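The structure appears below as structure tokens.
The values are calculated or read from the model by the stated rules, or taken from the named source; none is laboratory data. Values in this document were obtained by computation on a predicted structure and should not be read as measured data. Note that each Cβ is placed from the backbone with ideal geometry, even for glycine, and that neighbours are counted across all protein chains shown. Surface areas here come from the heavy atoms of the whole protein model, side chains and all, with no ligands, DNA or RNA. Shrake-Rupley method; radii C 1.70, N 1.55, O 1.52, S 1.80 Å.
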Amino acid sequence: AQSVAQPEDQVNVAEGNPLTVKCTYSVSGNPYLFWYVQYPNRGLQFLLKYITGDNLVKGSYGFEAEFNKSQTSFHLKKPSALVSDSALYFCAVREGRRDSSYKLIFGSGTRLLVRP
Amino acid sequence: NAGVTQTPKFRILKIGQSMTLQCAQDMNHNYMYWYRQDPGMGLKLIYYSVGAGITDKGEVPNGYNVSRSTTEDFPLRLELAAPSQTSVYFCASSYSNTPSNQPQHFGDGTRLSIL
């Protein structure tokens, strides 16, 4: 069965410093991987996705993520954090099978806190 | 273009009451989904629909029902509310199921408390 793990409940970083939010996954076959962000009292917003191709994926708001097949990871990164990046971040995975169900499996979320 | 609209935003129910959570999208998306979000648990899929008249169960369907009579609307029904259904409910939609056409677009959620 497919699964996603976000090992850190919270990540703290100072404004201007680089940030990393970790995600590991387990699927049979090729994965489709996604990152979403959730601000208070709002729904999830899409940040970026990996389908195929270049392992470094660039997304919205200066975020990027690196797909590492050997480590089954898809960590979210940003070179310089902003206070406004403080939010809840979710990693999600879908199996890359033709007959795959229409389901994304979400991780439990990581709260990012950027200090001024 | 409103995207995905959920009503109500907040609701308190008594145990055993019933209610319908409304979801509407104006993007002509075929696929619609209902999730619940519990603290520290991420999102769990309740039901989904691949088009008008077609629905299927997700991971946690017990205690819920759905219908999809139009492309735009996908209401979620709680027949006998239980405290375990206290959660934040999100509706989402996507144009198709191909990975390049996801991500799913989310509404702002309905916060439901069962007392």
Self-check item: region A:16-31, subset within 14 Å of chain B (Cβ to nearest Cβ) and not β-branched (Val, Ile, Thr), residue surrounded by the fewest Cβ atoms within 10 Å (Cβ to Cβ)
Solution: A:29
Quiz item: Which fully enclosed strands (runs of 3 or more DSSP E) of region B:21-115 have 1 or more residues being open to solvent by 20 Å² or more (accessible area, probe 1.4 Å) and either in contact with a Cys (Cβ under 6 Å, 6 or more places away or on another chain) or of a type in the set (Asp, Glu) (or both)?
Solution: B:54-57
Practice problem: Might you let me know whether region A:62-80 holds any residue that is modelled with pLDDT under 95 and closer than 18 Å to residue B:106 by Cα? | Solution: no
Quiz item: Within region A:94-111, is there a residue that is modelled with pLDDT of 95 or more, more than 30 Å from residue B:2 (Cα to Cα), open to solvent by less than 20 Å² (accessible area, probe 1.4 Å) and more than 10 Å from chain B (Cβ to nearest Cβ)?
Solution: no
